[in-house]
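K.L.:
Okay, handing you the structure first.
The values are calculated or read from the model by the stated rules, or taken from the named source; none is laboratory data. Quick caveat, the model's predicted, so the values are computed rather than measured. Cβ atoms come from the backbone with ideal geometry, glycine included; neighbour counts cover every protein chain shown.
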C-alpha cells in the first residue's frame, strides 16, 4: 500500500491519538454498539480525517474510538468503508493502514454475513478458518502492489493458531458457542443470487459477505496478527424463502449484542499486550 499518498490522513490521526493501542477492532454492520460498553478516551469522526470517504451504509457509525478495557488500550473502528460503495479498494483499507501506523500488532475484524452451510443459523458467531480471494485478485494487486515472496508466505500463515486459541478460550470461559468456517467474498453491491450461493456451497464455503478479506490480506502483509469473526445475521439467498434485507442484518446483530460484547471483551482481556 502506497502510504505516501495518504500522508495527510495519517498525520491527522497520529496527531490526535492519545496513546499507542495494544490492539484494534473493526466493527461490522450492526455491531457498532460495542463501543458503548468500554471506556472511551477519545473519538475521531472519520468525516474530519482528510481524504477519508464517508460511509453510506446504515449501521456504520463513521467514528474511530481510542478506548480502554481494564489495562488494555484499544483502537475501535465503528463502521467500515465497503468496496461496493464505489470507492477504490485502497480507500477501504484505511482502518488497517491506521492500525499499522499507530503501532497495534493485533487486529480483530468482525462482520455481518449470510449463512450458506446448514450448520449455521442467524445469530451464530463464526470464526474464520479460511476465505476466498477469487473476486479480489486484481483489486488487491492494484491496492497493495506486487507481493514479495515472504509476504505471500505470511498470507499462508492464516489462520493464526495462537490467536484462534485465545478466541476459543474466550468463548469457552464466557459459555458462548462459536462455530468455525470459511468465508466467500462477494464484491456486491447486490446480495448474492441463489445461484451464486449454491456455487459457494459447492466450493465448500460456509458463509458469504462483502467485506473483511482485503483487510485480512493487508494486515498480514503489514505484519499484523489478525483474526475475524462473522455474525451470521441471515440465511444467504435461496437458503430460505424470506427475502434478504439490511434491516434483518441489523435486527439480528442487535439480538446477539450482549453475547457479542461479552465475547469480544474476554478476547481482548486474554490477548497479550
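K.L.:
Restricting the stretch 131-151 to residues that are assigned to a helix (DSSP H, G or I) and exposed (fewer than 12 other Cβ atoms within 10 Å of the Cβ), which is modelled with the lowest pLDDT? Outline the logic, then answer.
P.N.:
The first filter runs over the stretch 131-151 and keeps only residues assigned to a helix (DSSP H, G or I), leaving 137-144, 149-151.
From the residues that got through so far, the ones that are exposed (fewer than 12 other Cβ atoms within 10 Å of the Cβ) too are 137-138, 142, 149-150.
Numbers: 137: 77, 138: 81, 142: 80, 149: 48, 150: 54.
Of everything passing the filter in the stretch 131-151, 149 is modelled with the lowest pLDDT.
K.L.:
Next question. All but one of (1) part of a loop (DSSP other than H, G, I, E, B); (2) surrounded by 13 or more Cβ atoms within 10 Å (Cβ to Cβ) hold for residue 175, so report the exception by its number.
P.N.:
Against the list (1) part of a loop (DSSP other than H, G, I, E, B); (2) surrounded by 13 or more Cβ atoms within 10 Å (Cβ to Cβ), residue 175 comes up short only on (2).
K.L.:
Is there a residue in the stretch 59-74 that is modelled with pLDDT under 90, within 15 Å of the chain's Cα centre (by Cα) and under 23 Å from residue 2 (Cβ atoms)? Steps first, please.
P.N.:
Our first condition is that a residue be modelled with pLDDT under 90; within the stretch 59-74, this holds for 59-62.
Filter once more, keeping what is within 15 Å of the chain's Cα centre (by Cα): 59-62.
Subsequent filtering for residues that are under 23 Å from residue 2 (Cβ atoms) retains none.
Looking through the stretch 59-74, none of the residues is modelled with pLDDT under 90, within 15 Å of the chain's Cα centre (by Cα) and under 23 Å from residue 2 (Cβ atoms).
K.L.:
On to the next question. So in the stretch 188-224, with the set limited to residues that are in contact with a helix residue (DSSP H, G or I) (Cβ under 6 Å, 6 or more places away or on another chain) and under 16 Å from residue 112 (Cβ atoms), which one is surrounded by the fewest Cβ atoms within 10 Å (Cβ to Cβ)?
P.N.:
189
K.L.:
Right, something else. Checking residue 54 against (1) out of contact with any helix residue (DSSP H, G or I) (no Cβ under 9 Å at 6 or more places or on another chain); (2) assigned to a loop (DSSP other than H, G, I, E, B), which test does it fail?
P.N.:
Going through the list (1) out of contact with any helix residue (DSSP H, G or I) (no Cβ under 9 Å at 6 or more places or on another chain); (2) assigned to a loop (DSSP other than H, G, I, E, B), residue 54 breaks only (1).
K.L.:
Can you tell me which residues in the stretch 10-29 are buried (at least 18 other Cβ atoms within 10 Å of the Cβ) and under 21 Å from the mean Cα position of the chain (by Cα)?
P.N.:
Residues satisfying the conditions are 10, 13, 21, 22, 23, 24, 25, 26, 27, 28, 29.
K.L.:
Would you mention how many residues in the stretch 77-118 are at pLDDT below 90, closer than 18 Å to residue 35 by Cα and either part of a helix (DSSP H, G or I) or more than 11 Å from the chain's Cα centre (by Cα) (or both)?
P.N.:
Count: 0.
K.L.:
Continuing with the same structure: Among the residues of the stretch 30-40, are any surrounded by fewer than 17 Cβ atoms within 10 Å (Cβ to Cβ), more than 25 Å from residue 136 (Cβ to Cβ) and either in contact with a strand residue (DSSP E or B) (Cβ under 7 Å, 6 or more places away or on another chain) or at pLDDT below 85 (or both)? Let's see the steps before the verdict.
P.N.:
Filtering the stretch 30-40 for residues surrounded by fewer than 17 Cβ atoms within 10 Å (Cβ to Cβ) gives 36-37, 39-40.
Then keep just the ones that are more than 25 Å from residue 136 (Cβ to Cβ); that gives 36-37, 39-40.
Remaining after also requiring either in contact with a strand residue (DSSP E or B) (Cβ under 7 Å, 6 or more places away or on another chain) or at pLDDT below 85 (or both): 39-40.
Taking every residue of the stretch 30-40 in turn, at least one turns out to be surrounded by fewer than 17 Cβ atoms within 10 Å (Cβ to Cβ), more than 25 Å from residue 136 (Cβ to Cβ) and either in contact with a strand residue (DSSP E or B) (Cβ under 7 Å, 6 or more places away or on another chain) or at pLDDT below 85 (or both).
K.L.:
Would the stretch 42-58 turn up any residue that is crowded, with 20+ Cβ neighbours inside 10 Å, under 16 Å from the mean Cα position of the chain (by Cα) and within 19 Å of residue 230 (Cα to Cα)?
P.N.:
no
K.L.:
Please determine, by comparing only the residues of the stretch 1-29 that are closer than 23 Å to residue 258 by Cβ and assigned to a loop (DSSP other than H, G, I, E, B), which one is modelled with the lowest pLDDT. Don't jump to the end; show me each part of the working.
P.N.:
Narrowing the stretch 1-29 to residues closer than 23 Å to residue 258 by Cβ: 23-29.
Then keep just the ones that are assigned to a loop (DSSP other than H, G, I, E, B); that gives 28-29.
Values: 28: 83, 29: 72.
Filtering first and then ranking leaves 29.
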